[in-house]
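Readers should treat all values here as calculations from the given coordinates under stated rules, not as data from a laboratory. In this text, all values refer to a predicted model and were calculated from it rather than measured experimentally. Cβ placement follows ideal geometry from the backbone for every residue including glycine, while neighbour counts extend to all protein chains displayed.
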Amino acid sequence: MIKKAIVVIGKEQSGKSNTIRIFKELIKIPNSNQKFKYKDIDGYIYSQTIQEKGKGDICSLANKVSKHDNIILPSRPQDCKDSMIKLTDIIRILEMYEFNISFTTIAGDGQRKESYYKSKAKDILDLLEQ
């Protein structure tokens, strides 16, 4: 089985969490759930960026990815200056566990029309189903 990681990249307050909430609606799971099953796909969804959770959570990420074949997680961009954890740190962990990594980018300041975030949530679903 191919292990998949989908990283939702966007600056702070860009709408990453909103996009993930809409994705959860698409696959019909409660917003509070982190584990999911969609068709024959099981996985884990991070709703908050590793950068927001803090330095210790890079170890938590390693622990989670070792237990799942599909991971969806938001991240701030590599050039984010207010974070000790960089996108490259996250990618390194995912590569260590042999994930096929895909990216979708949320542009803007979180003030786009709902249809934009729905389109991005559909992009996540399409990447997951590939």
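What FRET efficiency, computed as 1/(1 + (r/R0)^6) with R0 = 30 Å and r the Cβ-Cβ distance, is obtained for residue 96 and residue 129, rounded to the nearest 0.05? Efficiency, from the Cβ-Cβ distance: 0.75. Our estimate of slack between residue 3 and residue 103, defined as 0.36 nm per intervening residue step minus the Cα-Cα distance, is 34.6 nm. The trypsin sites (Lys or Arg not before Pro) of the stretch 74-114 meeting both criteria, a DSSP state outside H, G, I, E and B (loop) and at most 11 other C-beta atoms within 10 angstrom of the site's C-beta, are 81, 113.
All alpha carbon pair distances within the chain were sorted into 5 Å bins beginning at 0; the resulting P(r) in whole percents reads 2, 11, 23, 25, 22, 13, 4, 1.
Mind giving me the FRET efficiency for residue 114 and residue 39? R0 is 22 Å, r the Cβ-Cβ distance, nearest 0.05 is fine. Efficiency, rounded to the nearest 0.05: 0.30. When +1 charges are put on Lys and Arg Cβ atoms and -1 charges on Asp and Glu Cβ atoms, the dipole computed for the stretch 8-130 relative to its Cα centre reaches about 340 debye.
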